[in-house]
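Quick notes on the structure that follows.
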Amino acid sequence: YTLTRAGRDLFAVVVALRQWGERRAFESGETHSVLVDERGLALAELRPTDNRGAVVDLDNTSVRKDR
């Protein structure tokens, strides 16, 4: 099986959901799997950013309908 381009584009979504689960679905200290990079290091937590790289959240974003 080979992922399509559309499937590969979902990687960030899957990582974000996995990280949410790691924070919410396990007790402190409970053993679970961890997604790691090619060096074996855990990935940094994903955070949405604006086009300058500043972290954004619910308090400073909104949805705008394009015309």
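The values are calculated or read from the model by the stated rules, or taken from the named source; none is laboratory data. Just so it is clear, the model here is predicted, and its values are computed rather than measured. Cβ placement follows ideal geometry from the backbone for every residue including glycine, while neighbour counts extend to all protein chains displayed. Heads up: the accessible areas ignore ligands, DNA and RNA and are worked out on the full protein's heavy atoms, side chains in. Shrake-Rupley method; radii C 1.70, N 1.55, O 1.52, S 1.80 Å.
A 1.4 Å probe run over the protein chains yields, for the chain, 100 Å² of accessible area per residue, whole-number rounding.
Treating r as the C-beta distance of residue 56 and residue 8 and R0 as 22 Å, the FRET efficiency rounds to 0.35.
Coupling constants for segment 42-56 follow from the phi torsions by the Karplus curve (6.51 cos²θ - 1.76 cosθ + 1.60, θ = phi - 60°), and in residue order they are 4, 5, 5, 5, 6, 9, x, 10, 7, 6, 9, x, 6, 5, 10 Hz; glycine and proline get x. Placing +1 on the Cβ of every Lys and Arg and -1 on the Cβ of every Asp and Glu, with no other charges, gives the chain a dipole of roughly 400 debye about its Cα centre.
Work out, in µm²/s and without decimals, the Stokes-Einstein translational diffusion coefficient of the chain at 25 °C, 0.890 mPa s, Rh from Kirkwood over C-alpha pairs. Roughly 164 µm²/s, to the nearest whole number.
Cβ-Cβ distance of residue 22 and residue 66, R₀ of 22 Å, FRET efficiency by 1/(1 + (r/R0)^6): the value works out to about 0.05. Expressed as a whole percent, the accessible surface of the chain that belongs to carbon and sulfur atoms is 54, based on a 1.4 Å probe.
Can you give me the angle between helix 11-24 and the longest principal axis of the chain, using Cα atoms only, in degrees from 0 to 90, rounded to the nearest 10? Approximately 60 degrees, to the nearest ten.
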